[in-house]
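Comments concern the structure below.
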Amino acid sequence: MTSRTLSLPLSFLGGGTCTATVYADGTPGANPYRTPVVVGTRTVTRDDILDVAMAPAGGQAVVLRPS
C-alpha cells in the first residue's frame, strides 16, 4: 500500500461556520497497521478545502458540527 492525499471541498456546507474535528494518521511506527491517531480541530466554511493526507493502510475521519 502507498500513502495518498485527497483534497475535499466543503462546498456542501450551508452558510456560517462549522467546527471540524479531524481524526488523522500520525507518524507511522514500526508496524504499518498500527499507525497512531492524531485528533485536531479547526473552524471551516463552505469555501474551505480539507487536505486529507493518509498513511499506507491509514485513513481519516472528520466530524462537522455547526459553530
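Numbers for the structure displayed
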| item | result |
| --- | --- |
| Residue in segment 41-62 that is touching a strand residue (DSSP E or B) at 6+ places or on another chain (Cβ under 9 Å), modelled with pLDDT under 90 and among the hydroxyl-bearing types (Ser, Thr, Tyr) present | no |
| Any pair with Cβ under 9 angstrom, 6 or more apart, that starts in segment 7-33 at a residue that is in contact (Cβ under 8 Å) with a residue 40 or more places away in the chain and ends at one that is surrounded by 12 or more Cβ atoms within 10 Å (Cβ to Cβ) and among the hydroxyl-bearing types (Ser, Thr, Tyr) | 10/45; 13/45; 16/45; 17/45; 18/45 |
| The one condition in (1) surrounded by 12 or more Cβ atoms within 10 Å (Cβ to Cβ); (2) at pLDDT below 90 that residue 33 fails to fulfil | (1) |
| Residue ID - farthest from the chain's Cα centre (by Cα), chosen from residues in segment 2-21 that are surrounded by fewer than 11 Cβ atoms within 10 Å (Cβ to Cβ) and hydroxyl-bearing (Ser, Thr, Tyr) | 2 |
| Long-range neighbours under 7 Å by Cβ, at least six apart or interchain, first residue within 14 Å of residue 22 (Cα to Cα) within segment 42-67, second among the basic types (Lys, Arg) and open to solvent by 50 Å² or more (accessible area, probe 1.4 Å) | 54/4 |
| Qualifying positions in segment 43-55 - more than 11 Å from residue 8 (Cα to Cα) and either of a type in the set (Phe, Trp, Tyr) or open to solvent by less than 50 Å² (accessible area, probe 1.4 Å) (or both) | 44, 45, 54, 55 |
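The values are calculated or read from the model by the stated rules, or taken from the named source; none is laboratory data. Quick caveat, the model's predicted, so the values are computed rather than measured. Don't worry about glycine lacking a Cβ; one is built from the backbone with ideal geometry, like all the others, and counts go over all protein chains shown. For the accessible areas, the whole protein counts, side chains as well, though only heavy atoms, and no ligand, DNA or RNA atoms are used. Shrake-Rupley method; radii C 1.70, N 1.55, O 1.52, S 1.80 Å.
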